[in-house]
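S.K.: A single structure is presented below for examination.
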Amino acid sequence: MKIVIPGGTGQVGGVLRRALVARGDEVTVLSRRPERLEPGVRHVVWDGRTPGAWVAELDGADAVINLAGRSVSCRYTDANLRQMMSSRIDSTRAVGEAIASVGRTGRAPRVWLQMSTATIYADARSRGDDRSHDEATGIIGGEEPGVPLYWEYSVRIARRWEQAQAAADTPHTRRVALRAAMVMTPDKGGVFDYLSWMARLGLGGAVAGGEQYVSWIHGDDFVRAVCFLLERDDLGGPVNLAAPEPVPQRDLMRSLRRAWKRPVGLPATRFMAEIGALVLRTDTELLLKSRRVTPGRLIGAGFRFDYPAWDAAAADLVARHAHSRSGSGSSPRPSATSSARSTR
Ligand SMILES: NC(=O)c1ccc[n+]([C@@H]2O[C@H](COP(=O)([O-])OP(=O)(O)OC[C@H]3O[C@@H](n4cnc5c(N)ncnc54)[C@H](OP(=O)(O)O)[C@@H]3O)[C@@H](O)[C@H]2O)c1
């Protein structure tokens, strides 16, 4: 396939483009800075907002996977929140307009996978029943009582992001919104790397009691689910990309500590977590909001997870993390071909 990945220079883009190239796809990454990527990956500059020479990359492409957006691992200041919103809305609109214009003059991509987030769902705990959310019965967030106001804004970003894709005039292009949970890969700077750093320092204990749920997906399953969705012409609309077994935060860290052979993990109160987030220039929403999201549509369509449970996923990721840091060459890559197995 010929696949274009706007915003493909980040953590998720890295995992995806390497796997797609490995399975023989022709991959072009769009980003705002000229960058040399792996052999076999073309790089084209765009500004993430306006049409330009990059639009021609979509003409005759089979698929677009738009990942662009300002990093959410930052302080949730008004300015950062606004940039998190505008970078996602502007880039999604630009992709939609580009597909519409090549659709009028050339051949529009058959499928558009648009990144979204599992954060769109409510923190059900604040409603007294920490139920799980699938696509059919899930509660969209934003009106939870007793949660910080700016949590509502994170949900608003997700809703507006999906609305920007839905509003695009692309009648010949199947559209899927990827409601992804935290993508766990051994890559430096990713969420798994950060959690591992905490666990190895002995700081990986329960945060604010640790009952809040964490939804996650192993990088391999993320890649396989994306490949599955590229091929399944019968699937459109929002799809949860999350492992079937979300876990309470305290259990997530206990399993991770076990995998790192670090039995001790200092717990943190909400106040200590706020201080920690301040020092690390990130935000506690990522740790404190309960995200209990399940992959109803993927499982309904016959997709099978290689890593449905966190214990095995954590053990595998720790082995790869250690492997990739030991300089004995990079960690084994998830192969995109394994998605074929799920369609049987
Ligand atoms: N990582 C996860 O676990 C996870 C889970 C759910 C959803 N997501 C979403 O998936 C997407 C990719 O995640 P990631 O972890 O790979 O993020 P990342 O490492 O922060 O990469 C984001 C990409 O977006 C581009 N970008 C950043 N700011 C931008 C702006 N203002 N305008 C246009 N493009 C901008 C960057 O490209 P250039 O700077 O090269 O242009 C970069 O390639 C993000 O939208 C993220 O919210 C990620």
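S.K.: Going by a ≥ b ≥ c, the root eigenvalues of the Cα gyration tensor, does region 13-55 fall in the rounded group (a/c under 1.5), the prolate group (a/b larger than b/c) or the oblate group?
M.R.: prolate
S.K.: State the percentage of accessible surface on the chain attributable to carbon and sulfur atoms; use a 1.4 Å probe and exclude ligands, DNA and RNA.
M.R.: 54
S.K.: Lys/Arg Cβ at +1, Asp/Glu Cβ at -1, dipole of region 2-342 taken about the Cα centre: which of Gln114, Ser87, Trp260 is farthest positive-ward?
M.R.: Trp260
S.K.: So, counting K/R as plus one and D/E as minus one, what does the shell of residues with Cβ under 14 Å around Ala63 add up to?
M.R.: Local charge sum for Ala63: +1.
S.K.: Could I ask something else about it? Can you list the equivalent-ellipsoid semi-axes of the chain, largest first and in whole Å, using the square root of 5 times each Cα gyration tensor eigenvalue?
M.R.: The three semi-axes for the chain are 31, 23, 19 Å.
S.K.: Follow-up. Given labels modelled 7 Å from the Cα in the Cβ direction, how far is it in nm from Arg93 to Thr137?
M.R.: Roughly 3.8 nm, to one decimal.
S.K.: A further question on this structure: Name the residue farthest towards the positive end of the dipole of the chain from the options Gly96, Gly190, Pro238, assuming +1 on Cβ of Lys and Arg, -1 on Cβ of Asp and Glu, about the Cα centre.
M.R.: Toward the positive end, the furthest listed residue is Gly190.
S.K.: Mind checking which lysines have their C-alpha under 27 Å from Lys188, skipping anything on the same chain fewer than 8 residues away?
M.R.: Lys261, Lys289
S.K.: Right, another one. Any chance you could check the Cα centroid distance between region 150-190 and region 264-318 for me, in angstrom?
M.R.: Taking the Cα centre of region 264-318 as reference, the centre of region 150-190 is 18 Å away.
S.K.: Gaussian network model of the chain, Cα springs within a sub-10 Å range: biggest mean-square fluctuation belongs to which of Ala277, Ala314, Ala158?
M.R.: Of Ala277, Ala314, Ala158, the Gaussian network model singles out Ala277 as fluctuating most.
S.K.: State to the nearest 20 debye the size of the charge dipole of the chain about its Cα centre, where the only charges are +1 on K and R beta carbons and -1 on D and E beta carbons.
M.R.: For this selection, approximately 640 debye.
The values are calculated or read from the model by the stated rules, or taken from the named source; none is laboratory data. Because the structure is predicted, anything quoted here is derived from the model rather than measured. Glycine gets a Cβ as well: all are built from the backbone with ideal geometry, and neighbour counts include every protein chain shown. Heads up: the accessible areas ignore ligands, DNA and RNA and are worked out on the full protein's heavy atoms, side chains in. Shrake-Rupley method; radii C 1.70, N 1.55, O 1.52, S 1.80 Å.
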